[in-house]
Each structure stands twice: as structure tokens, then as C-alpha cells.
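Participant: Handing you this structure, nothing more for now.
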Amino acid sequence: MSHAPLKGIRILDLTNVLAGPFCCHQLAHMGADVIKVETPGTGDLARQLGADPERNADLMGVSFLAQNPGKRSITLNLKSPSGKRILKELVQKSDALVENFRPGVMARLGLDYETLRQKNPRLVYCAISGFGQDGPLSKLPAYDQIVQGMSGVMSITGDPDTAPYRVGYPMADTIGGMTAAFAIAAALANTAQDRGTFIDVSMLEAVIATMGWVVSNHLIAGQTPNPNGNDNFTASPSGTFKTADGVMNLAANKQEQFETLCEIVGNPALVNDPRFADRKSRLANRAVLTAELEAAFVMAPTLEWVEKLTAKGVPAGPVWSVPQALKHPQIADRGLLQSHCVGHENLQFVGVGVKLDGIAPKVDSPPPVLSAHTKDILTELGYNDAQISGLKRDGAI
């Protein structure tokens, strides 16, 4: 099917918490068979995280539910000889493996890329870490908060009086996972290479790579990036403005948009004011221009201004809360939100934000209960009931 381009691809997901699970979340929605390999008894730490204590106690925490629909769960003790053997057997029948242990952990387990590629020479092996597999920081653990701070993101988030500010969700984890998913898909598509690939994803580098404009302003133009609050550092008036009932986002970046804006707010003289004559002068006099515009904006509510501005081609929009965004038909009706039964409840989940040939990719099953598919997967590998019982007695599964 066109909306399942990775159908027939098997991914082994050895990851925990967010960066790795988010990576495999993308791949599962593209049709891959994702087998989540978890520690017996506890599983992914995210199973114990989230805003619902009862779900955490049941090892089905909201944080786990968010990134794991469509996956199958097998528990393996990778410190036991039998657990290692089973993983190698899975590797022989898989296309890719994703892990986000600290660099060196898989080697100590005897399950590093060089070892596993002997079982499957075409294996795509992706290691996600905070800082990469080498370098002076490589052994440090990968925490989103730490990476946000060290990447420079926090130094430019907030305004001069409040920075540094962290982004309000685990942005570094998510960007790391998305980067990994892209690299894995690219490696799987490389049919010209008749061998495997080792992918080394640094969350720190992945985040910096998304900061191309501000980084290049430093590298090429010698401008040190600074916090600008809600103002767009490339244009004015472009940012957040006060209205009668709150705030509104505006992005009148082009000259014709600025001229139209001045007409709509009833102050066409601003166009001929030398302080606002062109993009450069408007940036230099941003505070004065903002005050002039807000004097008009505070006379009417946000949605009234948004309707007037967008009708004339001036980009504007409200600042929504998360619940408001999710309720809007633009989100609610396009397939981003998907439903799955977890126990006796029908819960909503977020998909991956794309459509393929007009269809939003969707997985067929809910996030798995810990070890829910261990027997099925071992049976696929050729184990019988007696052997599976023995593995359980030995603590291998």
C-alpha cells in the first residue's frame, strides 16, 4: 500500500524513554514491523512515566503510550546467554536495529554492530546518544534538558530578561529521534550498497543542525544569536502582539503585507514614516512600530483581527493552548489523531503528521503490554512451548 512504504521491513527497537521510541514510532507508522525489545519485569522506563499514577503502576504510563502504538513487545534479558542468542536470531531476520544506550554498553554486552553484522551483513544499526559515539562528551548520558542547554537553544529562547528558557517539551529527544528515523529510512533505501550501515546519531548535533539560520548568522555574518522573545529576528512587524482579549501572532514580513496591515489598522501614514520605510528600518525601530500597532490591536479581540488580516493576505493567527489546537477541525479532521483500545478504554494518540497519497498513516494495534508478544515472536523463530517455558524459568525472557 502506498501509505505503508516500509511494509515488509522489520525493526528491532531496543530503546527507552523518548528519542529512540519516537524514531521507531515514525517507522511503525510507515508500515514497518517494529519489535520492541524490553527488559523483563520493568521494560521501557517510560512505562512508569506520565500524568496518570495508576497507569504508571500498571507499566502502561502515558509517556509510553504516546510513542509506542503499533509495536510488538518481547522481553529479553540481554545479560543472559540465551537472551543474547535470541537477539542475534532476531537480527538475522531483521533489517534494522535501534538502540539508545550510552556508547560502549552494547559492546560490553557483546551485541555491538561489529558482532551483530556477522549475523546479518546487511543490518542497518542505529545508535542514538546525547553526544555521539566518540568525542570528549560521548560517555555522558542523554538528557533532553542537558542537550537543550548545551546546544545553544536555551540561550536564544525567552527574551533578554528571561533567557535562558527551555523549550516546553522534550525537543532535543524528539529531534534526535526524527533525525534517526530519516537516516534509517535513507540507509534502507540504499539498495546500491550490498552491506550494512552503522548510523551514529548525536542529539546535540541533530538539534544544532535545525538551527541553521541562527548558526549561519554566527558562522558567516559574525552575529551572535540573542534571545528575541516572541519577535521574529528577521522581520518586523513579525511576532506576538497584544489585543483586546489576549495576544495575536502576526507575520507581515513582506513590504506589501506591511502596507496592507497599515490600511487595515487605519493608520496608512505608517507606510511613509521613514522609521518604517523598509525591512531594515522596521527592524531597527521594532519597539516603536509595535507600540503604534498595538494601540490599534487592543481595540478589538484576537479573532476579529485574524479574520480581517488573513482575508487581505496578511499572515496572522491566534495563540492556542494544546487543547484548543487539538479540537480545531484543521487537526481533528485530518487523521493526525488516532484511536486505539487499551484495555477497556478507547484512547486517542498522535500520529506522525503526514499524509501519503491523501491518507494519514496509521498503525493497526495499540501500545503493547509488556512482553505481550514474547511467545508469538519466539514461535516465529522456531521455539516450541517447552523451550519457551525453559527460557522463562532461566530468566532469559
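This table checks each residue for (1) small (Gly, Ala, Ser); (2) touching a helix residue (DSSP H, G or I) at 6+ places or on another chain (Cβ under 9 Å); (3) over 27 Å from residue 393 (Cα atoms); (4) surrounded by fewer than 23 Cβ atoms within 10 Å (Cβ to Cβ).
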residue	(1), (2), (3), (4)
70	yes, yes, yes, no
102	no, no, yes, yes
108	no, no, no, yes
119	no, yes, no, yes
138	yes, no, yes, yes
155	yes, yes, yes, yes
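Participant: Which fully enclosed strands (runs of 3 or more DSSP E) of region 40-134 have 2 or more residues being assigned by TED's automatic domain parsing to the domain that holds residue 378, touching an Asp or Glu at 6+ places or on another chain (Cβ under 7 Å) and not charged (D, E, K, R)?
Facilitator: Filter on region 40-134 gives 72-75, 124-129.
Participant: When you check residue 112 against the structure, is it surrounded by 15 or more Cβ atoms within 10 Å (Cβ to Cβ), of a type in the set (Asp, Glu) and touching a residue at least 60 places away in the same chain (Cβ under 8 Å), yes or no? It would help to see each step written out before you state the result.
Facilitator: On the way: surrounded by 15 or more Cβ atoms within 10 Å (Cβ to Cβ): yes; of a type in the set (Asp, Glu): yes; touching a residue at least 60 places away in the same chain (Cβ under 8 Å): no.
When the stated conditions are applied, residue 112 does not pass them.
Participant: Go through 163, 142 for me and flag whichever is surrounded by fewer than 18 Cβ atoms within 10 Å (Cβ to Cβ) and either on the phi > 0 side of the Ramachandran plot or of a type in the set (A, V, I, L, M) (or both). Lay out the reasoning, then the answer.
Facilitator: Values: 142 fails: surrounded by fewer than 18 Cβ atoms within 10 Å (Cβ to Cβ).
None of the other options fit; the residue is 163.
Participant: Here's another thing I want to ask about it. Within the bounds of region 36-56, is there any residue that is more than 16 Å from residue 369 (Cβ to Cβ) and polar (S, T, N, Q)?
Facilitator: Looking for residues that are more than 16 Å from residue 369 (Cβ to Cβ) and polar (S, T, N, Q), one finds none in region 36-56, hence no.
Participant: Starting from region 214-242, take each residue that is more than 15 Å from residue 156 (Cβ to Cβ) and touching a residue at least 24 places away in the same chain (Cβ under 8 Å) and list its partners that are among the β-branched types (Val, Ile, Thr) and part of a helix (DSSP H, G or I), counting only C-beta distances under 7 angstrom and pairs at least six apart or across chains.
Facilitator: From residues that are more than 15 Å from residue 156 (Cβ to Cβ) and touching a residue at least 24 places away in the same chain (Cβ under 8 Å), the pairs are 237/290; 241/290.
Participant: Looking at region 180-213, which of the residues that are without any contact (Cβ under 8 Å) to a residue 40 or more places away in the chain and not in a loop (DSSP other than H, G, I, E, B) is nearest to residue 102 (Cα to Cα)?
Facilitator: Filtering region 180-213 down to residues without any contact (Cβ under 8 Å) to a residue 40 or more places away in the chain leaves 182, 186, 189-193, 206, 209-210, 212-213.
Now restrict to residues that are not in a loop (DSSP other than H, G, I, E, B): 182, 186, 189, 206, 209, 212-213.
Details: 182: 21, 186: 24, 189: 27, 206: 17, 209: 22, 212: 27, 213: 31 Å.
Step by step, filter region 180-213, then rank; the result is 206.
Participant: Same structure, new question: Filter region 366-397 down to residues that are hydrophobic (A, V, I, L, M, F, W, C) and over 24 Å from residue 56 (Cα atoms) and give me whichever is surrounded by the fewest Cβ atoms within 10 Å (Cβ to Cβ). Show your work before the answer.
Facilitator: We begin by selecting, within region 366-397, every residue hydrophobic (A, V, I, L, M, F, W, C); these are 369-370, 372, 377-378, 381, 386, 388, 391, 396-397.
Going one step further and asking which of them are over 24 Å from residue 56 (Cα atoms), we end up with 377-378, 381, 386, 388, 391, 396.
Values: 377: 22, 378: 21, 381: 13, 386: 8, 388: 16, 391: 21, 396: 21.
By that ranking, first place goes to 386.
Participant: Answer yes if at least one residue in region 309-316 is of a type outside the set (Gly, Ala, Ser), in a loop (DSSP other than H, G, I, E, B) and touching a strand residue (DSSP E or B) at 6+ places or on another chain (Cβ under 9 Å), and no otherwise. Steps first, please.
Facilitator: Going residue by residue through region 309-316, those that are of a type outside the set (Gly, Ala, Ser) are 309-310, 312, 314-315.
Still in the list and also in a loop (DSSP other than H, G, I, E, B): 312, 314-315.
Okay, now just the ones that are also touching a strand residue (DSSP E or B) at 6+ places or on another chain (Cβ under 9 Å), so 314-315.
Within region 309-316, one or more residues are of a type outside the set (Gly, Ala, Ser), in a loop (DSSP other than H, G, I, E, B) and touching a strand residue (DSSP E or B) at 6+ places or on another chain (Cβ under 9 Å).
The values are calculated or read from the model by the stated rules, or taken from the named source; none is laboratory data. A quick note: this is a predicted structure, and the numbers were derived from the prediction, not measured. All Cβ positions, glycine included, derive from the backbone under ideal geometry; neighbour counts span all protein chains shown.
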